[in-house]
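First up is the structure itself, then whatever we jot down about it.
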Amino acid sequence: MINVDNLISQNPWWQKETIQLEEAGWVQRDLYFQIEEELADPFMINILGLRRVGKSSLTKQLIAKLLKSKTPPKNIFYFLFDFSHFVQKPEVLTHVLQTYFDQILQKKIYDLKNRVYVFLDEIQFIENWQAVLKRWYDISGKRIKFVITGSQSLVLKNKSHESLSGRIFDRYLPPLCFQEFLKIKKEKLKPFPKFDLFNLKKDFLNLRFFNENNQRQLENLGREYLSFGQFPECLGIKKNWKKQEYIKESILGRIFEDIFKIYKIEKTEEFKIVAYYFFHNASSIFNLENAAQNAGLQFLTVDSFLKYMESAYLLQTCFKKYRSIIKKGRSLKKIYSTSTNFSFALSETDPLAAPEIFGKIVENQVFNSLKKSFSQVFFWRKREEEIDFLISRAGRTLPIEVKIQNRIEKNDLKTILKFCEEKKIKEAIIFSKNKLEMATYGITEIFFLPYYFVLMI
């Protein structure tokens, strides 16, 4: 059973008030500043995201902020549940909190006069944790500020809202964005010019000037970011083969272990086969029947595996554009990885040396970047014709394609131009290898942008 020594070991500031947390000197993620402001609010904060994206580091930075602002050290409690080899009963969480209040604070919960900050890391390892926190939160009269983290959205997000409605808010911490990647690397690059995908003509001269002065650096940094630059710890590893090993073992391997424990999966090798099938076919229209046949599993089993991977923030789905919401549920789908680093780590060849593979990886990143700014991102397909993405705003539709090849001829644009002509669309975007120009074809103006520009969205 957990005792007071277990708590003390994870909270060194209780014994040494002048302690300097190592994480306090690290680059702060963009989400840090939002949560820093929300520490003054009464509701619970639920930080969700992949393993190794920096959730624990972010919580330690918040603790450092509280210590610096003269919050009494014993009013700050941190506990990591990641040590568990199995999912724990809710009594474990109750015991942890009770031990903290009885032996560290030495106060009853209803006697609290000052706010207490409780950080519970990787809480998905506790069954029915939401009922425990609801009870403590309500009894304390909102004098306990809970900040929890976890890596399984189905366990954390959906279930938390069943009983904690109005008491908890979700905050998603994604893999590093390009700007955060540059900050951590301390790269000296001029500030990116702001641009609007729906109004590129206005910003085009600025983009061209910026590209002329930074093209070589942007190409090199863009390739590094797409390959192994989306996880903080990866940036401290020098050899690419070690980065590849780190992503496969310390990120994907640990996520798989979490899924096996939480969803009680026995066919672990078959799960890995299915997972690798989806990663290798990212950016392609996927077929559950093929994945099931490949792994020798039932269709419904593979469908469940896909849902588990989506819940663990490994994969995202893009739907074919349909007018009918009902049809959408039965429509063709594409699967995209939440990090292009997974594709690099699992590839048996160098994607940078294979234009077709690299094109799929760039398409994956375009989807991830668009999803940050647009709630709905679709693809369009009619028979053998396909457009990678459609986004909309204020009644306007913008078609987007990815073409990573040395030369783009007019024949390569026939599908998007035909689509624009039929729908009377006046602008479209092509993310290319290194082409930056505007060209008019009939009623449509095509904007060609180097692929690394999508990293600036």
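The values are calculated or read from the model by the stated rules, or taken from the named source; none is laboratory data. Bear in mind that the values here come from a model prediction, so they are computed numbers and not experimental data. So basically every Cβ, Gly included, is an ideal-geometry build from the backbone, and we count neighbours across all protein chains shown. Each accessible area value is taken on the protein alone, full model and side chains, heavy atoms only, with ligands, DNA and RNA left out. Shrake-Rupley method; radii C 1.70, N 1.55, O 1.52, S 1.80 Å.
The table for this structure:
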quantity: Accessible-area ranking of H280, H95, largest first, probe 1.4 Å; calculated: H280, H95
quantity: Cβ-Cβ FRET estimate between I104 and K183, R0 fixed at 41 Å, reported to 0.05; calculated: 0.70
quantity: Accessible surface ranking that places the most exposed of V92, V118 first, with a 1.4 angstrom probe; calculated: V92, V118
quantity: Too-long pairs where the Cα-Cα distance tops 21 Å, listed order kept, from K320/K382; K194/K238; K333/K418; K334/K403; K70/K113; calculated: K194/K238; K333/K418
quantity: Computed E for E219/N128 - FRET, C-beta separation, R0 45 angstrom, nearest 0.05; calculated: 0.35
quantity: The stretch 389-457, relative contact order [Cα under 8 Å, separation at least 6], %; calculated: 27 percent
quantity: Full-extension gain in nm, L205 to A354, via 0.36 nm per residue minus C-alpha separation; calculated: 50.5 nm
quantity: Between the stretch 220-234 and the stretch 282-320, the Cα center-to-center distance that results, in Å; calculated: 26 Å
quantity: Relative intensity, log₁₀ I(q)/I(0), of the stretch 301-394 from a Debye sum that treats every alpha carbon as a point, q = 0.12, 0.24 Å⁻¹; calculated: -0.44, -1.36
quantity: Cα-based reach from K267 at 20 Å (exclusive), listing lysines while leaving out same-chain residues under 8 positions away; calculated: K248, K307
quantity: Charge dipole (debye, nearest 20) of the stretch 358-435; +1 at Cβ of Lys and Arg, -1 at Cβ of Asp and Glu; calculated: 180 debye
quantity: Length-normalised contact order of the chain in % [C-alpha pairs under 8 Å, at least 6 apart]; calculated: 12 percent
quantity: Antiparallel bridges, percent of DSSP beta bridges restricted to the chain (to nearest 5); calculated: 40 percent
quantity: Beta bridges per DSSP with both ends in the stretch 325-436, % antiparallel, nearest 5; calculated: 70 percent
quantity: FRET efficiency, 1/(1 + (r/R0)^6) with R0 56 Å, evaluated for R143 and I285 via beta carbons; calculated: 0.60
quantity: Using alpha-carbon coordinates, inclination of helix 414-423 to the longest axis of the chain, degrees; calculated: 80 degrees
quantity: Diffusion constant of the stretch 362-408 at 10 °C, which comes from Stokes-Einstein with the Kirkwood Cα-pair radius and 1.306 mPa s, µm²/s; calculated: 136 µm²/s
quantity: log10 of Debye I(q)/I(0), alpha-carbon scatterers only, for the chain at 0.06, 0.07, 0.09, 0.13 Å⁻¹; calculated: -0.30, -0.41, -0.67, -1.24
quantity: List S304, S165, S151, ordered by accessible area with a 1.4 Å probe, largest first; calculated: S165, S304, S151
quantity: Label-point separation, W241 to E37 (7 Å along Cα→Cβ), nm; calculated: 4.8 nm
quantity: Accessible surface, per residue, of the chain when the full set of protein chains is kept, probe 1.4 Å, Å²; calculated: 49 Å²
quantity: Positive dipole terminus of the chain, leading residue within F181, S347, F33 (C-beta point charges); calculated: F33
quantity: All aspartates and glutamates inside 20 Å of K321 as judged from Cα atoms, apart from same-chain residues fewer than 8 positions distant; calculated: E363, E384, E385, E386, D388, E401, E421, E422, E427
quantity: Contour excess over end-to-end distance, with Cα ends at K333 and M438 and 0.36 nm allotted per residue; calculated: 34.7 nm
quantity: Percent carbon-and-sulfur accessible area, the stretch 332-425, ignoring ligands, DNA and RNA, probe 1.4 Å; calculated: 45 percent
quantity: Mean ellipticity per residue at 222 nm, deg cm²/dmol - from DSSP H runs of n ≥ 4 across the chain, formula -39500 (n - 2.57); calculated: -12000 deg cm²/dmol
quantity: Distance in nm between pseudo-label sites at N294 and K382 (7 Å out along the Cβ direction from Cα); calculated: 3.0 nm
quantity: Theoretical gain in end-to-end length, K264 to N3 [0.36 nm per residue, Cα-Cα removed]; calculated: 91.1 nm
quantity: Estimated vicinal HN-Hα couplings, Hz - the stretch 34-41 in sequence order (Karplus 6.51, -1.76, 1.60; Gly, Pro = x); calculated: 5, 5, 4, 5, 7, 4, 7, 7
quantity: Electrostatic dipole magnitude of the chain [Cβ: Lys, Arg +1; Asp, Glu -1; Cα centre; debye, to 20]; calculated: 1140 debye
quantity: Whether the stretch 164-291 is rounded, prolate or oblate, judged on the alpha carbon gyration tensor where a/c under 1.5 counts as rounded; calculated: prolate
